[in-house]
Amino acid sequence: MTMLDDRPSEEATPDLEKKAERAESWRGFFTALPTYLFLVLFFVLPLVIILIFSFAERSRTGKPVLGEWTLEWWMKLGDPLVRTVTWRSIWLAFLNTLFSLLIGYPFAYWIATRKRAMTRNFLLVLVLIPFWSNFLVRTYAWRTLLDSNGLITKVGEATGLWGKMLFTEPAVFLGLLYGYLPFMVLPLYAAIEHLDWNLVEAARDLYAGAWKAFRKVTLPLSKPGIIAGSILVFIPSLGAYVTPDLLGGAKTTLLGNYIVTQFKSGRNWPFGATLSVTILAIMMVATVIYFRKGGRTL
Amino acid sequence: MSVQQGTAHRKWVDRVLSVNGWFVFGFLYLPILILVIYSFSDDRIVGIWGGFTWKWYDRMFSNPEMMKALANTVKVGVVQTVFATVLGTMAGIALDRYRKWLGKQAFDVILYLPVIIPEVTMGAMLLIWFTQVLPIDLSIYTIILGHIAFSTSFVAIVVRARLANLDDSLEEAAMDLYANRWVTFRRITLPLIMPGVLGGGLLALTLSFDDVIITEFVQGPGATLLPVYVFGLIRRQVTPEINAVSTLMLAVSMVLVFISLGFQARTGAGKANKEA
């Protein structure tokens, strides 16, 4: 700009440039507009509305009534039953994230450190297939394995180590682990594969042991993968519906099922709205904590 | 000597990692394999082998409700994928190729939210929005709208990533040669981002095919989709017929994986050529 000020003979240029820039900016706006409108109409406004409806009274059919406001549903979050369900959901989601990480990290590390690119790609495809496979079908597989005639039940009975696990909390945990493990492995693999191994070698040259080099160099460098994987596992585990419904019983209700119940047999839409907002809030808080903690400790 | 110790140690670690790796693959694949095997078992109880049969597949294909759900799934999948791909691609272009425009920052946030929001929340809010606010009757169209609402963002992310890896010099060259914006887009930009667009579209199709929760919230009477229908069947009673339809669904997923890998391989080859 200052350069142009020195050349008064070309005064028109900044104006023209500004005009072109403005036209370009409008073009960007109109390119986004259809998507913008669609998302405002079918995402943003519904999101605002569900928050408003969590303060609405309930009609006799369970639907929300606008115009009469109440804090009843938000107070209801303190009920022992609701608290149990909420904590169970958070606990299982946390446990699943932790175990996915413990199993997924060495697994992703193994794939990413194979020498031949063809081996790596082949193993990666083997991870991608379950990742893309239908989630319901993969959960159903566990339903049959854990049932009275299922293979896992038979093995457990033959060895005397466990009995029929279907409709218990361990069954839900296994289902969640099975369902979301690939979501952990893929970002971890991407992070480890892109790692600069010269840095690890440098650490070894400076007399760091294998373990120390891993802990001080490899692990911090793969942090983006750990964070992405953990979030990708934690969020759907927290809102899990299919898994606890098919593998769990009445005693293993999670937030996801509990919310759906409010809109169906529970006939309490405003409370369902409250729970839906709550689960979103928990997810956001957990994500923020995770980013903060991850930034500090890893 | 310490070097030898080091390699011995490394070998040992490597062996443990390999064993662990194949165990994890076993964990990932055995359940699916067993599920497929029992879809051919001539016994009503899944888990008891009763000899080979095709009868569960016959039964599946002659179940009118199942076939209607399948037809609906294809309809919703195709329509929502077309819309999500177009909307997502436009959003990706607007975000990557235009530096500044009215409401860009807000749009960036809005676009990423459907990716991270729990599915139950999304289903619940769409149900309230459709039935209590608009209000419209739930039908196959509300399912389509719901699916577009969550899959558009995924397409946009994939397309944007593709655009971010392409510099705009080719587009500039075309414009310098007096191609207008539309011609530049159709002849230069679109072919270059096509792998991203198709990859994003496949992702949208897979997500639509995978969804149970949102569909269960916003489906109308008699307009259910295959996954939700199968979900209902499993809840009532487990039969080998469910194994048969599951095997079919797995086969569809596999086909989608290999198509998407085909795109990626071609993109990778293109990139390698450019680098060489």
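Summary of computed values
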| quantity | calculated |
| --- | --- |
| Conditions (1) facing chain B (nearest Cβ under 8 Å); (2) at pLDDT below 95; (3) surrounded by fewer than 17 Cβ atoms within 10 Å (Cβ to Cβ): number failed by A:Ser133 | (3) |
| Whichever residue in the stretch B:111-131 is hydroxyl-bearing (Ser, Thr, Tyr) and either without any contact (Cβ under 8 Å) to a residue 40 or more places away in the chain or facing another protein chain (nearest Cβ under 7 Å) (or both) and, among such residues, is surrounded by the fewest Cβ atoms within 10 Å (Cβ to Cβ) | B:Thr131 |
| Residues satisfying the stated conditions in the stretch B:132-148, i.e. of a type outside the set (Asp, Glu) and more than 8 Å from chain A (Cβ to nearest Cβ) | B:Leu134, B:Pro135, B:Ile136, B:Leu138, B:Ser139, B:Ile140, B:Tyr141, B:Thr142, B:Ile143, B:Ile144, B:His147 |
| Pairs with Cβ under 6 Å, 6+ apart, first in the stretch A:271-282 and farther than 14 Å from A:Ile90 by Cβ, second not in a helix (DSSP H, G or I) | A:Ala273/A:Ser54; A:Thr274/A:Ser54; A:Val277/A:Ser54 |
| Residue satisfying condition, being in the same structural domain as A:Gly249 (by TED's automatic domain parsing) and under 19 Å from A:Pro244 (Cα atoms), within set A:Leu221, A:Leu174 | A:Leu174 |
| Selection status of B:Val16, farther than 22 Å from A:Leu151 by Cα and either out of contact with any helix residue (DSSP H, G or I) (no Cβ under 7 Å at 6 or more places or on another chain) or modelled with pLDDT of 90 or more (or both) | yes |
| Residue match in the stretch A:59-67 (condition: within 13 Å of chain B (Cβ to nearest Cβ), part of a helix (DSSP H, G or I) and either surrounded by 15 or more Cβ atoms within 10 Å (Cβ to Cβ) or free of Cβ contacts under 8 Å to residues at least 60 places away in the same chain (or both)) | no |
| Any hit, the stretch A:77-91, residues being within 12 Å of chain B (Cβ to nearest Cβ) and either over 25 Å from the mean Cα position of the chain (by Cα) or of a type in the set (A, V, I, L, M) (or both) | no |
| Residue count, the stretch B:21-54 (criterion: without any contact (Cβ under 8 Å) to a residue 40 or more places away in the chain, loosely packed, with under 14 Cβ neighbours inside 10 Å and either touching a Lys or Arg at 6+ places or on another chain (Cβ under 9 Å) or over 30 Å from A:Ile111 (Cα atoms) (or both)) | 6 |
| Search result, residues across the stretch B:159-192 that are within 14 Å of chain A (Cβ to nearest Cβ), in a helix (DSSP H, G or I) and either surrounded by 14 or more Cβ atoms within 10 Å (Cβ to Cβ) or touching a Lys or Arg at 6+ places or on another chain (Cβ under 9 Å) (or both) | B:Val159, B:Arg160, B:Ala161, B:Leu163, B:Glu171, B:Met175, B:Arg181, B:Thr184, B:Phe185, B:Thr189 |
| Which numbered condition A:Met165 fails, given (1) part of a loop (DSSP other than H, G, I, E, B); (2) surrounded by fewer than 21 Cβ atoms within 10 Å (Cβ to Cβ) | (2) |
| Single match in A:Leu77, A:Leu41 (criterion: in a helix (DSSP H, G or I), farther than 25 Å from A:Ser237 by Cβ and not hydroxyl-bearing (Ser, Thr, Tyr)) | A:Leu41 |
| Extreme residue, nearest to A:Met283 (Cα to Cα), among residues of the stretch B:89-110 that are at the interface with chain A (Cβ under 7 Å from one of its Cβ atoms) and buried (at least 24 other Cβ atoms within 10 Å of the Cβ) | B:Ala91 |
| Scan of the stretch A:95-151 for residues that are in contact with a helix residue (DSSP H, G or I) (Cβ under 7 Å, 6 or more places away or on another chain), under 16 Å from B:Leu28 (Cβ atoms) and either of a type in the set (Phe, Trp, Tyr) or outside any helix (DSSP H, G or I) (or both), ordered by number | A:Phe99, A:Tyr105, A:Phe107, A:Trp110, A:Phe131, A:Trp132, A:Ser133, A:Asn134, A:Phe135, A:Tyr140, A:Trp142 |
| Residues satisfying the stated conditions in the stretch A:163-179, i.e. more than 14 Å from chain B (Cβ to nearest Cβ) and at pLDDT below 95 | A:Gly163, A:Thr168, A:Glu169, A:Pro170 |
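The values are calculated or read from the model by the stated rules, or taken from the named source; none is laboratory data. Predicted model only: the values in this text are computed from it and were never measured. Note that we place each Cβ from the backbone using ideal geometry, even for glycine, and neighbour counts take in every protein chain shown.
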